[in-house]
Amino acid sequence: MWIQTIYGAFSIVAATTDGTASGDVDSVHLLVRARVRAHLHALQSQFPAIATVAVIESPARDYPFRMLVFRKAFGEVMKELAEAIPYPNFKDAAAHGPVGTDNAYIHALHQIWSVLRHIEQPRVVRGANPPHASGAPAAGKKRAKRIA
């Protein structure tokens, strides 16, 4: 699972009993991975359930920074993340949050938003001019409004 938060971007996967990608799934632990060490530290600073977990550096791996966390502890983190959302606009909150000075991360959030927008099915407001198959409005016409 990938999650982007105001604390950074993370990939969460099942840990394995032997630490390899092809090993048996560890039913007790998850591997919380990040490309930026500071993202893991920002997450730890906010959530006591994972505050003392060691950050492991694995430079040869796809995600060079990782933590082996108890599933239950990370479940608490996810619950607290959801309950603590104070913002109506995520990208803006991230830009002003704990890792807001990480311009590469903020730029990546905008790229993710843009890429995911391409999978959205067009929804046209009744009475608006339908767009061409290309997505562009008909000549001389305004683009149809999207329903949020």
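The values are calculated or read from the model by the stated rules, or taken from the named source; none is laboratory data. What you see is a predicted model; the values in this text were computed from it and never measured. Note that each Cβ is placed from the backbone with ideal geometry, even for glycine, and that neighbours are counted across all protein chains shown.
Applying the selection to the stretch 32-58, what residues are assigned to a strand (DSSP E or B), out of contact with any Leu (no Cβ under 6 Å at 6 or more places or on another chain) and surrounded by 13 or more Cβ atoms within 10 Å (Cβ to Cβ)? Give the derivation first.
Initially, the stretch 32-58 is screened for residues assigned to a strand (DSSP E or B), giving 32-34, 56-57.
Then keep just the ones that are out of contact with any Leu (no Cβ under 6 Å at 6 or more places or on another chain); that gives 32-33, 56-57.
Hits for the stretch 32-58 are Val32, Arg33, Ile56.
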- Task: Run down Val36, Val55, Val69 and say which single residue is in contact (Cβ under 8 Å) with a residue 12 or more places away in the chain, out of contact with any helix residue (DSSP H, G or I) (no Cβ under 6 Å at 6 or more places or on another chain) and closer than 27 Å to Leu109 by Cβ.
- Result: Val36
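Within the stretch 18-28, can one find any residue that is β-branched (Val, Ile, Thr) and under 14 Å from the mean Cα position of the chain (by Cα)? Walk me through how you get there before you give the answer.
Step one: list which residues in the stretch 18-28 are β-branched (Val, Ile, Thr), which gives 20, 25, 28.
Those left that are additionally under 14 Å from the mean Cα position of the chain (by Cα): none.
Within the stretch 18-28 (the criterion being β-branched (Val, Ile, Thr) and under 14 Å from the mean Cα position of the chain (by Cα)), the answer is no, since none of the residues qualifies.
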- What are the residues in the stretch 59-91 that are surrounded by 12 or more Cβ atoms within 10 Å (Cβ to Cβ), part of a loop (DSSP other than H, G, I, E, B) and modelled with pLDDT under 95, if any? Arg61, Tyr87
